[in-house]
Amino acid sequence: MEGYLLEPTLYTIKGIAILDNDGNRILAKYYDKNIFPTAKEQKAFEKNLFNKTHRANAEIIMLDGLTCVYRSNVDLFFYVMGSSHENELILMSVLNCLYDSVSQILRKNVEKRAVLESLDIVMLAMDEIVDGGIIIDADSGSVVSRVALRNDDIPIGEQTVAQVFQSAKEQLKWSLLK
Amino acid sequence: MNSFKRDKKEEEDGGSQFLNLEKTTVLQEARIFNETSVNPRKCTPVLTKLLYAINQGETLSAKEATDVFFAMTKLFQSKDAVLRRMVYLGIKELSSLADDVIIVTSSLTKDMTGKEDTYRAAAIRALCSITDATMLQAIERYMKQAIVDRNSAVSSAALVSSLHMSKLAPDVVKRWVNEAQEAVNSDNVMVQYHALGLLYHIRKSDRLAVTKLVARLTRMSLKSPYAVCMLIRITAKLLEEDDEAGGNDSPYFNFIEACLRHKSEMVVYEAAHAIVNLKRTTSRELVPALSVLQLFCGSAKATLRFAAVRTLNQVAISHPAAVTACNLDLENLITDSNRSIATLAITTLLKTGAESSVDRLMKQIATFVSEISDEFKVIVVQAIRALALKFPRKHGVLMNFLSAMLRDEGGLEYKASIADTIITIIEDNPEAKESGLAHLCEFIEDCEHVSLAVRILHLLGKEGPKTKQPSRYIRFIYNRVILECPSIRAAAVSAMAQFGASCPDLLENIQVLLARCQMDSDDEVRDRATYYSNILALQDKSLYNNYILDPLQISITALERSLKEYIQNPEEQPFDIKSVPLAAVPTPEEKEMKHKAEGMLVTQGGPVKPPPVSREENFAEKLSIIPGIQQLGPLFKSSDVVELTESETEYFVRCIKHCFNNHLVLQFDCLNTLSDQLLEQVRVQLEPSEGYRLLLDVPCPRLPYNESGSCYVVLQFPEDDLPNTVGTFGAVLKFVVKDCDPATGLPDTDEGYDDEYMLEDLEITLGDQIRRVTRANWAAAWEEAATEGYTEMEDTYSLSSMHTLEEAVQSIASFLGLQPAERTDRVPEGKTVHTLLLSGMFRGGADILVRAKLALTDGVTMQLTVRSPDPAIAELITSAVG
């Protein structure tokens, strides 16, 4: 590991991926053309990454010359990749932003089915977090406010009893599972 | 809090719509985009599916992409926010695939300048993905406005897009520097960060401007931790480039050090990382950075621990002593649940540990080594190897530990790395040899990996005869002949033959064993036994040396290629093995590199390097463009690179000297560093010393800015006049200059003018004409040389400029270009007399053997004895040293 001063550049993030619990891609973006230029290489990397990370809940791993930070919930795995010399804490802040944004969008219901249901919004959120390798925003609150475009939510007073009950049940379920 | 939930009905089949999605069906569904009234409820899911399919790796043809892109543009009619935003995403995704994407420019420009804030930022980013350099001028005005917009999202989007665009149109983006400057002062943290990134990118080639920027920004405290990280990187770069700015109280360094007390951990780590990696940092300056890292080691966050231990691992290479303060914290990390952290902690500890702590550390590792995976065990083994080289006296503990690891379960890679380590220790430390060989003997008794057993048998054959009691190894080796598969049996036979050739008192017994092997069921084993038994029966020392003790010197890949060629074009003459180039002897630096490369987590699973090809073979291919090069015969040796100019000058010229049997080919690699010049007909004019004949001159036809090209000069060595082959040539670079436009690289006129540039003198040395040859058994070759009528020359020199024996050994070996044999290049500590044994081959194929007896008095006194079949060569060497 040679000593390395980091090049001053905004291009910090090499890739972002959300995988399911079989290691299949739900969404993934790679921002450096020199790293995994084809979909085949990307998927091979994701498989490898998943195999190395899905059992050990260790938060960080170095693989194929990349530093990968990750986080999982139920049946989803979130990854953020940067160069092997990158400041790990910057990568972590992006990962946290990604996770928290998705969690708020899905109202803490972070699981595969929910992501696929709101896939359009999750795509928009990912686009708002990183653009072409540059971190656009790492504050989940402001990311969510920018993609919160649906106006079809109902104020709590006007919700039916069943709806309130349903949402309370969900909240309870997730606080237990956590 | 907004809700993103859909209808109950849609929720139920949610997710399944993305299963087994096919490109063709999605494209079919995308036809609803063309309906006259756009229904967002129907179109959004279809567009999502399309983007999902592309993200899954489906590739669209240009026509498919263009069709669906145009259909998508119809969706601009809808006012639905989600749909509009998805269209932007679609535009970005398809912009590189579809044709005529600029058609949406006006729609996007309208959104970007419109009132709807949720559209504006995203529209800018989409717009810049479809814009090219010429189009950029048209939207320049809007971009400038957007950069200083009050909405932070818009401003950020414009800054980020500008940075992307600066790859296409650097000149246009440069004009926005004032706007970027204004944006740096923004209250929004992200805008500040992006503006700094853009500003630095525009200004980075202008040192003075960067200095000003840093001076200004380090005074005003930036709010964004990202921006501070960026500023630390810029400052560190300035510090690194500029040695004069150094001094402990440099404002730059003070800024970085102050960042160690920042409230954001990200910034603190960035600052510590920068300090650790600055080359000029002294151990004293390192202390505050280390105490920060030490604190991180105890953090609850795995990422923080990882970052800290990884950086400490780096420090351990440059300042091992400084890290010792953190040893206690590192020891706590050995049992970390994250294996990467644990392994990094161990390797760091092993690097920094003092000799006294080795025993304790090894005991600690022994407790958990069985729990970790093979991959990490290999890293531990590599760290032990480094330790053994550092503390030769500890070989007993380490060797026992390794042999215990050898007995454990494990895969080939793991076992091989242990065996490798033991072999390295044996080679490096004569005291460890006996015990190391004993461990290896024990290991092959029960070894399931054929390749490993073969290697160990080979090593036993090489090292065993030189031990005090060679006979004890014979039993182990012969056991293999009885019990193992054919390839191991064959290796065992070869190993036994080595004992027979080196130890005369064992010869009789060996012959009996070889006779038994001649009854083996396998052809190869029988052949080897017969071959060795016959040679040993002749009792001729020189035959022993040439056919048993010394391995084949030539490069195996080159031999394979030559044989293939020979079979394809049969010639009258029999194949001559002398025509095959010799294998390259790895230089100590290369070996060093190899060792360094190991033991790093980063290289794990990286690309597999191609098998090493000798430098000469590489060059031989490159040189084949010179007309008539084939007549010169095979390439004998290529020298290291010699720089003929300072590296910062207008033209940067380096020379590589290629030596053939009777010819010298000089390769000049030139680099043009002037952006406003195009060079043509570049050649080097030489003034060769007496006796050299200039045969051919191959100029480099074109040398544009920042490209390197090569020109060549072919010379013939002076015939029958060896002393004159060493000399100094004057050199001048000659070329035709055409002035050109720096931006395009096209010449202004067709007419050029001649110009020349003085180069430093080029020296042709003795070392250029000599190739290193490794001799396994130097003493035998030396004796043999005496009996075969080699000329012997002897002389005594006083090397007054040398003050240590190591220095003398190094400089003699490199000056003569000879390979030290029998590890005599290492001077035992505290000795005042040393004998250096060297061997090599002069161009044309004459062997050279040199013995240098060194004695340390005030300077170094050397008695040099040269043996070579050619008297002229021997004389040349003795005269060259003086």
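The values are calculated or read from the model by the stated rules, or taken from the named source; none is laboratory data. Just so it is clear, the model here is predicted, and its values are computed rather than measured. Reconstructed Cβ throughout: ideal geometry from the backbone, glycine too, with neighbour counts over all protein chains shown.
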Take the residues in region B:58-86 that are within 14 Å of chain A (Cβ to nearest Cβ) and within 46 Å of the chain's Cα centre (by Cα), then tell me which one is surrounded by the most Cβ atoms within 10 Å (Cβ to Cβ).
B:86
Checking the conditions here, which among B:805, B:722, B:762 is surrounded by 13 or more Cβ atoms within 10 Å (Cβ to Cβ) and in contact with a Cys (Cβ under 8 Å, 6 or more places away or on another chain)?
B:762
I'd like to know if region B:635-643 contains one or more residues that are modelled with pLDDT under 75 and either surrounded by 16 or more Cβ atoms within 10 Å (Cβ to Cβ) or touching a strand residue (DSSP E or B) at 6+ places or on another chain (Cβ under 7 Å) (or both).
no
In this structure, is residue B:262 more than 24 Å from residue B:309 (Cα to Cα), without any contact (Cβ under 8 Å) to a residue 40 or more places away in the chain, within 14 Å of another protein chain (Cβ to nearest Cβ) and not small (Gly, Ala, Ser)?
no
Considering only residues of region A:70-105 that are of a type in the set (Val, Ile, Thr) and at negative phi, which is surrounded by the most Cβ atoms within 10 Å (Cβ to Cβ)?
A:80
Filter region B:29-88 down to the residues that are of a type in the set (Lys, Arg) and outside any helix (DSSP H, G or I) and list them by number.
B:79
Examine region B:686-707 for a residue that is crowded, with 19+ Cβ neighbours inside 10 Å, over 23 Å from residue B:630 (Cβ atoms) and within 32 Å of the chain's Cα centre (by Cα), and state whether such a residue exists.
yes
Scanning for something buried (at least 22 other Cβ atoms within 10 Å of the Cβ), facing chain B (nearest Cβ under 8 Å) and modelled with pLDDT under 90, does region A:121-134 turn up at least one residue?
no
Considering region A:69-114 alone, what residues qualify as being more than 8 Å from chain B (Cβ to nearest Cβ) and of a type in the set (D, E, K, R)?
A:71, A:75, A:86, A:100, A:108, A:111
Report whether or not residue A:67 is surrounded by fewer than 20 Cβ atoms within 10 Å (Cβ to Cβ) and polar (S, T, N, Q).
no
Hey, among the residues in region B:214-237 that are in contact with a Phe, Trp or Tyr (Cβ under 7 Å, 6 or more places away or on another chain) and more than 18 Å from residue B:194 (Cβ to Cβ), which one's surrounded by the fewest Cβ atoms within 10 Å (Cβ to Cβ)?
B:218
Looking for something more than 8 Å from chain A (Cβ to nearest Cβ), among the polar types (S, T, N, Q) and free of Cβ contacts under 8 Å to residues at least 24 places away in the same chain - is there at least one such residue anywhere in region B:243-257?
yes
Can residue B:521 be described as among the small types (Gly, Ala, Ser), surrounded by fewer than 19 Cβ atoms within 10 Å (Cβ to Cβ) and under 25 Å from residue B:781 (Cα atoms)?
no
When you go through (1) buried (at least 22 other Cβ atoms within 10 Å of the Cβ); (2) farther than 30 Å from residue B:162 by Cβ; (3) touching a helix residue (DSSP H, G or I) at 6+ places or on another chain (Cβ under 9 Å); (4) not β-branched (Val, Ile, Thr) one by one for residue A:108, which number turns out not to apply?
(1)
Can you find even one residue in region B:614-623 that is at pLDDT 75 or above and part of a loop (DSSP other than H, G, I, E, B)?
no
Test: residue in region B:178-190 that is buried (at least 17 other Cβ atoms within 10 Å of the Cβ), under 38 Å from the mean Cα position of the chain (by Cα) and either closer than 20 Å to residue A:146 by Cβ or touching a residue at least 12 places away in the same chain (Cβ under 8 Å) (or both)
yes
Just to be sure I understand, how many residues within region B:467-487 are surrounded by 20 or more Cβ atoms within 10 Å (Cβ to Cβ) and either in contact with a Pro (Cβ under 9 Å, 6 or more places away or on another chain) or within 20 Å of residue B:436 (Cα to Cα) (or both)?
5
When you go through A:106, A:95 one by one, which is the residue that is of a type in the set (A, V, I, L, M, F, W, C) and over 11 Å from the mean Cα position of the chain (by Cα)?
A:106
Output yes when any residue across region A:76-98 is among the charged types (D, E, K, R), in contact (Cβ under 8 Å) with a residue 12 or more places away in the chain, outside any helix (DSSP H, G or I) and under 23 Å from residue B:304 (Cβ atoms), and no when none is.
yes
Helices (runs of 4 or more DSSP H) within region B:175-239 that include 3 or more residues more than 14 Å from chain A (Cβ to nearest Cβ):
B:177-184, B:207-219
Determine whether region B:200-222 contains at least one residue that is within 31 Å of the chain's Cα centre (by Cα), of a type in the set (D, E, K, R) and at pLDDT 90 or above.
no
Leading residue by the ranking (nearest to residue A:89 (Cα to Cα)) among those in region B:280-301 that are in contact with a Phe, Trp or Tyr (Cβ under 9 Å, 6 or more places away or on another chain) and within 13 Å of chain A (Cβ to nearest Cβ):
B:296
Determine which single condition residue B:827 fails, assuming it passes every other condition in (1) more than 18 Å from residue B:765 (Cβ to Cβ); (2) in a strand (DSSP E or B).
(2)
Please verify whether region B:744-759 includes one or more residues that are part of a loop (DSSP other than H, G, I, E, B), in contact with a Lys or Arg (Cβ under 6 Å, 6 or more places away or on another chain) and either surrounded by 19 or more Cβ atoms within 10 Å (Cβ to Cβ) or of a type outside the set (D, E, K, R) (or both).
yes
